[in-house]
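Asks: Have a look at this one before I ask anything.
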Amino acid sequence: MTVPRLSLSKLHFPITALGPGRRIGIWFQGCSIRCAGCMSRDTWSFSRAGEPVETVVARITPWLAEADGVTISGGEPFDQPEGLLALLAGLRQSFDGDVLAYSGYAFGVLEAAHGRALSLIDALISEPFVEALPTDRPIRGSANQRLHLLTALGAERFAGLDTARAGSLDLVSGADGSVWIAGVPRRGDLHRLSHILATRGIRLATSAGRMGGAS
Ligand code: SF4
């Protein structure tokens, strides 16, 4: 039997800008949707070697006791369906918090092809990022994107986010010395941040966990 593998861009804990509470962020590597204006273009390539899902679960296990939730983003998580399903199943065995997943696919497509994965997710943001449709709503990159509350826990944790206004981003210091941003910035936020940093002699490179994208 083939052991499911996952190609990931990043893992990080804690993240606070992609759902309620302190969350584990899991960013998949690879996206076939390629929305115009996506600011996570560094996650498009499928070229990185994957790792067994059980290794990924082992890497995040030390964080589970402290985490309120897990956010699965990308890249496009549903472009690695076997690995995604195995990851979700592994999380459900040992984690009581909520799971939020992003996808750039339409909800109908996900329902038709990935019902088992959806049954293991509490809240889902679906639909591709559309640059011409800005939004002030949190955790979404464009106004067409839909928040689906798939379980009672998802409704409890995420219903309030449907009416709140966006605003927070996480500035993350990576173990390799890199600094990057997690969250969905409002239109113009990165330009304003870049300008402020430039006045201090710092250049902002926009490679982030979830910038303007959908999945
Ligand atoms: S926004 Fe999401 S779905 Fe669209 S290209 Fe970027 S990573 Fe892929």
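The values are calculated or read from the model by the stated rules, or taken from the named source; none is laboratory data. Just so it is clear, the model here is predicted, and its values are computed rather than measured. For neighbour counting, all protein chains shown are included, and Cβ atoms are generated from backbone atoms with ideal geometry for every residue, glycine included. We work out accessible area using only protein heavy atoms, side chains counted, and drop any ligands, DNA or RNA first. Shrake-Rupley method; radii C 1.70, N 1.55, O 1.52, S 1.80 Å.
Asks: Test of understanding: what is the full-extension gain from Ala112 to Glu131, defined as 0.36 nm times their sequence separation minus their Cα-Cα distance?
Replies: Gain in length upon complete extension: 4.2 nm.
Asks: Quick one: pull the percent of accessible area on the chain belonging to carbon and sulfur, 1.4 Å probe, ligands and nucleic acids left out.
Replies: So the carbon and sulfur contribution to the accessible surface is 54 percent.
Asks: Sticking with this structure for a sec: Using a ≥ b ≥ c from the Cα gyration tensor of the stretch 5-198 (square roots of the eigenvalues), is it rounded, prolate or oblate, where a/c under 1.5 gives rounded and otherwise the larger of a/b and b/c decides, a/b for prolate?
Replies: rounded
Asks: Ranked highest first by the average count of other Cβ atoms within 10 Å around their residues, in what order do 72-85, 54-67 fall?
Replies: 72-85, 54-67
Asks: Put a dot 7 Å past each Cα toward the Cβ at Thr55 and Asn144; how far apart are the dots in nm?
Replies: Going by the 7 Å Cα→Cβ label model, 3.7 nm.
Asks: Further question on the same structure: Work out, step by step, the length gained on full extension between His195 and Glu82: first 0.36 nm times the residue separation, then minus their alpha carbon distance; give nm to one decimal.
Replies: Working it through step by step, the gained length comes to 36.5 nm.
Asks: Could I have the simple spin-label model distance between Ala175 and Ala155, label points 7 Å from Cα toward Cβ, reported in nm to one decimal?
Replies: Each label point lies 7 Å from its Cα, and together they span 4.0 nm.
Asks: Then there's this: Sorting check: for 131-139, 106-114, 19-27, which peptide has the highest mean count of neighbouring beta carbons within 10 Å, and how do the rest follow?
Replies: Most protected by this proxy first, the peptides run 19-27, 131-139, 106-114.
Asks: Rounded to the nearest whole Å², what accessible area per residue is found for the stretch 60-116 with the 1.4 Å probe?
Replies: With the other protein chains kept in place, the stretch 60-116 gives 39 Å² per residue.
Asks: Same structure, new question: Need one number: % antiparallel among DSSP beta bridges in the stretch 1-89, to the nearest 5.
Replies: Percentage antiparallel, nearest 5: 60.
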